[in-house]
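Inspection log for the structure reproduced underneath, given as structure tokens.
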Amino acid sequence: AAAASAQGSWILQLGAFKNVDSVNALVGKLRAAGYSAHTSPRTPVQGQINRVFIGPDVSKDKLQGIQGRVSQMTGLSGSVVAYNP
């Protein structure tokens with residue numbers, strides 16, 4: 001993620017969670033489906049806010065295009081936001 005250019009990059013943020021097990025399960029499910037899923041912080045911390053996202057990608061349209069499939073798979077609608085490393 002850090003290698004992507006911050007200018008014009010986007011992420012699909014799926015949510016923010018405090019339960020590390022939920023975060024790890026969601027990321028595992030997304031990665032198994034072929035998505036580039038990450039967390040912030042990189043190592044989830046129990047009881048703190050852990051954001052789960054897909055990307056970054058330079059194509060906002062591409063992320064918006066996968067949003068529906070990800071929502072069906074996870075039950076999370078998420079939102080495409082500018083990537084700020």
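Quick notes
- Filtered residue count, the stretch 33-53, keeping only those that are among the hydrophobic types (A, V, I, L, M, F, W, C), under 17 Å from Ser71 (Cβ atoms) and out of contact with any helix residue (DSSP H, G or I) (no Cβ under 7 Å at 6 or more places or on another chain): 1
- Contacts under 6 angstrom Cβ, first residue in the stretch 65-80 being of a type in the set (Gly, Ala, Ser), partner part of a helix (DSSP H, G or I), 6 or more apart: Ser77/Ser71
- Summed over the stretch 23-43, residues that are in contact (Cβ under 8 Å) with a residue 12 or more places away in the chain and either farther than 14 Å from Asp57 by Cβ or aliphatic (A, V, I, L, M) (or both) total 10.
None of the figures in this text is laboratory data; all of them are computed from the coordinates on show. Just so we're clear, the structure is a prediction, and the values are computed from it rather than from any experiment. Note that we place each Cβ from the backbone using ideal geometry, even for glycine, and neighbour counts take in every protein chain shown.
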